[in-house]
Amino acid sequence: MRDIVLQDSTFKQLSDFVYEKTGIFVPPSKKYLFENRLINLIKEKNFKGFDEYLYYIKYNSNGRDLSRLFDAITTNETYFFREPQQMDVFIDEIVPRVVQGRTKDIRIWSAACSTGEEPYTLAMMLMEKRGDVRADILASDISDKALESARRATYNSYSIRNVPELYLKKYFRINGQDYELIRPVKAMVRFKNINLIDEKEVGKINSMDVIFCRNVLIYFGDKAKQQTVSLLYDCLKPGGFLFIGSSESLHNITRAFRPMTINRVIVYQKV
Ligand SMILES: C[S@@+](CC[C@H](N)C(=O)[O-])C[C@H]1O[C@@H](n2cnc3c(N)ncnc32)[C@H](O)[C@@H]1O
């Protein structure tokens, strides 16, 4: 089965299809990604090769098949307290600006949350440092498998490697070899499947104070990046804030946001 060859022309059509459905751009140099990640789907359905799979997924597939494709082709790497400087700027600088002079409510969206470590980090930090603030945290991803794992909220020692001792003791309980988040933290986050390039789905989201969209736009093609960032802009309240991954940039993508540097972290503000 491993001998199945992915022809360049089939690769191109698969890559176009994936781009159209997800915004993820897989260049020819990464053909191996499809070869490695789709082989199990092909085996399961007893397809003779990538051609047959391509035809099926384009013309005969259902929602479940697409969901399996999204699970297979997405990269879900994440961990708690990732890019901690950004998290500190969020809690120490952005939260006070948002709740300043009005109600203590804050609406946060972790767009592309993968298995949940990012929104749960925000939830724990808010509980620990801003117990006075009422937070509504929406977390979304295109991968159902990642979301299932996020809802379970049970992690292995690798995922929790950056969690400070205080948080580990206070917000997790040990369950065999695993670490399970305590109920109040879980209860702060609601999960939903949202495809960031789906205008209709993203269009339902509005009045966010802060959006985290970290380490996902790097996988997108330019047009999908521009479209997504423009949709995210519309989801924010005027003056709302966007965090992207620290290795990412909105240079050449949009000039709609005002970039601000706070403690060496770039935060984009809706003007
Ligand atoms: C590398 S993870 C980033 C997780 C987290 N934001 C972080 O920085 O640790 C990228 C996530 O983006 C999700 N993703 C990719 N394309 C997407 C799309 N079109 N809509 C929503 N999520 C998407 C993937 O499923 C994956 O879980």
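What to note about this one:
- Residue list for region 118-136, restricted to those being surrounded by fewer than 22 Cβ atoms within 10 Å (Cβ to Cβ) and either among the β-branched types (Val, Ile, Thr) or in a helix (DSSP H, G or I) (or both): 125, 127, 128, 129, 133
- Scanning region 236-249 for residues that are within 13 Å of the ligand (Cβ to nearest atom), out of contact with any Leu (no Cβ under 8 Å at 6 or more places or on another chain) and not in a loop (DSSP other than H, G, I, E, B) yields a single hit, 243.
- For region 138-165, the set of residues classified as more than 22 Å from residue 192 (Cβ to Cβ) and either out of contact with any helix residue (DSSP H, G or I) (no Cβ under 8 Å at 6 or more places or on another chain) or not hydrophobic (A, V, I, L, M, F, W, C) (or both) consists of 156, 157, 158, 161, 162, 163, 164, 165, listed by residue number.
- Flag if residue 77 is within 13 Å of the ligand (Cβ to nearest atom), surrounded by fewer than 16 Cβ atoms within 10 Å (Cβ to Cβ) and closer than 27 Å to residue 247 by Cα: yes
- Only listed residue being in the same structural domain as residue 98 (by TED's automatic domain parsing), in a loop (DSSP other than H, G, I, E, B) and surrounded by fewer than 14 Cβ atoms within 10 Å (Cβ to Cβ), chosen from 195, 206: 206
- Evaluated against (1) among the polar types (S, T, N, Q); (2) in contact with a helix residue (DSSP H, G or I) (Cβ under 8 Å, 6 or more places away or on another chain); (3) outside the structural domain of residue 210 (by TED's automatic domain parsing); (4) at pLDDT 95 or above, residue 40 falls short on exactly one condition, (4).
- Residue among 52, 44, 35 that alone is surrounded by fewer than 13 Cβ atoms within 10 Å (Cβ to Cβ) and acidic (Asp, Glu): 44
- Just one of the listed residues (174, 211, 218) is assigned to a strand (DSSP E or B), surrounded by fewer than 16 Cβ atoms within 10 Å (Cβ to Cβ) and either outside the structural domain of residue 120 (by TED's automatic domain parsing) or of a type in the set (A, V, I, L, M) (or both), namely 174.
- Tally, over region 223-267, of residues that are among the acidic types (Asp, Glu) and either under 20 Å from residue 96 (Cα atoms) or crowded, with 17+ Cβ neighbours inside 10 Å (or both): 1
Conditions tested, residue by residue: (1) under 30 Å from residue 164 (Cβ atoms); (2) surrounded by 15 or more Cβ atoms within 10 Å (Cβ to Cβ); (3) more than 12 Å from the ligand (Cβ to nearest atom); (4) not basic (Lys, Arg).
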{"site": "24", "(1), (2), (3), (4)": "no, yes, no, yes"}
{"site": "48", "(1), (2), (3), (4)": "no, no, yes, no"}
{"site": "56", "(1), (2), (3), (4)": "no, yes, yes, yes"}
{"site": "67", "(1), (2), (3), (4)": "no, yes, no, yes"}
{"site": "86", "(1), (2), (3), (4)": "yes, yes, no, yes"}
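- Those residues of region 177-188 which are surrounded by 12 or more Cβ atoms within 10 Å (Cβ to Cβ) and not aromatic (Phe, Trp, Tyr), in sequence order: 178, 180, 181, 182, 185, 186, 188
The values are calculated or read from the model by the stated rules, or taken from the named source; none is laboratory data. Keep in mind that this is a model prediction, so the values were computed, not measured. All Cβ positions, even for glycine, are placed from backbone atoms using ideal geometry, and neighbour counts span all protein chains on display.
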